[in-house]
Amino acid sequence: MQNKQSYLSEISKSVKDNYYRFFEITPHTQLKQMPTFQLNFFIDQALSRNFQVTIQFNDQTPAATGILNRISGDRYLVTSSDGSMNRLFSLGEIQSIKRN
């Protein structure tokens, strides 16, 4: 019984992989939510050292890359290096942040 289940599991994995490859679908890999203390730490570092960062948002909008500025208590502004894109956000909207 267990051999049948593992064999069936292998077949279904193989079918799924071939389906993705055939239709050139890339599975959407979503980053996990960073803990609040870690977000605060990374934001503080980016602000004090003027790092360029990439921010992923919880609402699945495109990531924003640029320099952070604090607007008020927990409101921030990210501006792209060429100044063409700005985004206002609060700490609760961030899924993850990374340094570039």
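Annotations for the structure displayed:
- Considering the chain at the alpha-carbon level, its Rg and Dmax are found to be 19.8, 62 Å.
- Each of Lys32, Lys98 was scored by other Cβ atoms within 10 Å of its Cβ. Arranged with the fewest first, they read Lys32, Lys98.
- Cβ-Cβ FRET estimate between Ser6 and Gln33, R0 fixed at 25 Å, reported to 0.05: 0.15
- Multiplying the residue separation of Ser90 and Tyr19 by 0.36 nm and subtracting their alpha-carbon distance yields 21.6 nm.
- Helix axis angle, 36-49 relative to the chain longest principal axis, alpha carbon, degrees: 50 degrees
- With R₀ fixed at 25 Å, the C-beta to C-beta distance from Asn40 to Leu77 puts the FRET efficiency at about 0.90.
Laboratory data are not the source of any read-out in this text; all were calculated from the coordinates shown. Predicted model only: the values in this text are computed from it and were never measured. Positions of Cβ are generated from backbone atoms using ideal geometry, with glycine treated the same way; all protein chains shown enter the neighbour counts.
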